[in-house]
1. Given just the C-alpha atoms of the chain, how large is their convex hull per residue in cubic angstrom?
2. In degrees, nearest 10, range 0 to 90: what is the angle between the Cα axis of helix 387-396 and the longest Cα principal axis of the chain?
3. Among 290, 265, 367, which comes first, then next, by fewest other beta-carbon atoms within 10 Å?
4. With each pseudo-label sitting 7 Å past Cα toward Cβ, what's the residue 86-residue 365 distance in nm, one decimal?
5. Short version: what are the Cα gyration tensor semi-axes of segment 51-196, square root of 5 times each eigenvalue, largest first, in whole Å?
6. For a quick check, take a GNM of the chain with Cα springs below 10 Å and name the residue from 237, 46, 90 with the largest mean-square fluctuation.
7. By how many degrees, between 0 and 90 and to the nearest 10, does the Cα long axis of helix 3-22 differ from the longest principal axis of the chain?
8. Have a look at 183, 219, 329 and tell me which one the Gaussian network model of the chain (Cα, springs below 10 Å) gives the largest fluctuation.
């Protein structure tokens with residue numbers, strides 16, 4: 001065994017040991033039309049009097065924030081709104097949100113929006129009760145202090161951040177992304193309300209949908225068989241192949257919206273148990289460097305990573321092919337694995353996502369490859385990324 005593989009095996013052993021000490025996470029979700037109101041009533045029952053609402057300005061301008069929090073009107077709960085979150089949130093945005101939370105004495109945090117808002121809200125909540133620099137929390141289990149209760153209402157069906165204990169925050173200077181993860185960052189309760197997702201633009205629906213699919217696949221093919229990761233990943237995969245095309249084609253299709261909201265949540269539960277994988281190791285770098293939205297970054301990389309680990313993940317990919325309805329029992333493992341990868345490529349095309357990006361620059365390849373090479377070592381992947389493979393993938397996704 002090479003030194004790198006030995007270090008990877010040691011990292012996985014440590015992850016398993018820490019996970020065993022942490023216990024099982026508790027999930028609480030209100031689902032379906034009107035569930036945002038149910039969550040708001042739940043928050044009111046907890047006795048919170050001042051609530052920091054973390055979101056982005058476009059959602060607030062569209063009236064979605066008001067729609068989501070209408071049930072808090074006349075309840076006596078004071079809303080303090082921080083709408084400074086932008087795609088790929090930064091530590092600077094976290095600091096601004098923390099300042100507002102402390103100035104107003106907010107007791108809990110409600111995130112409304114996509115993964116960026118939910119991730120930012122997690123670290124804002126953690127920072128509000130600590131004087132430590134959040135950059136020191138990058139990694140697992142480094143947030144050891146008590147964190148105010150966090151609630152989430154996702155308005156996209158993709159990141160699954162509403163179901164995870166992780167948050168991705170970028171350094172505005174280096175543009176590098178850091179993952180902060182710990183049990184105290186898991187939302188106490190969430191609402192998966194399709195009312196807030198109806199009419200979501202097709203490109204966002206498509207990119208966030210492939211983001212959720214990436215989570216499901218990476219959890220399914222990983223080498224760490226923990227908890228319900230496989231069952232939840234399987235349900236998410238099936239729902240996405242059945243409903244993503246419809247959600248993209250008709251933004252008002254409530255059945256498709258409900259299904260995709262559940263799919264993203266299930267995929268989030270899956271990665272919350274075993275983490276993500278090689279796709280994210282590369283996608284994080286191109287997202288941080290060029291501002292490519294996370295779902296789109298995953299969509300660019302996903303098929304190439306699956307092809308890279310096709311042999312090592314063959315059985316799992318074959319099972320996913322059957323779940324996606326693109327193969328028949330009795331076909332060879334390799335044939336089914338190939339059909340599944342082809343189905344992923346076809347789904348990406350059907351929902352209108354590109355194969356390449358003109359934002360990626362060849363002069364950055366070595367820098368990006370170095371970061372991805374290091375990041376993948378912390379994931380339970382079936383095959384570690386090698387530098388040459390990362391470079392080859394970057395060339396394939398560059399327009």
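1. 128
2. Here the helix axis deviates by roughly 80 degrees.
3. Going from sparsest to densest Cβ surroundings: 367, 290, 265.
4. The answer from the label model is 3.0 nm.
5. 22, 16, 14
6. Fluctuation is largest for 46.
7. Between helix and principal axis, roughly 40 degrees.
8. With Cα springs under 10 Å in the chain, the top fluctuation among 183, 219, 329 is at 329.
Throughout, read-outs are computed from the coordinates displayed, never taken from laboratory work. As the structure is a prediction and not an experimental result, all values here were calculated from the model. As a convention, Cβ positions derive from the backbone with ideal geometry for all residues, glycine included, and neighbour counts pool all protein chains shown.
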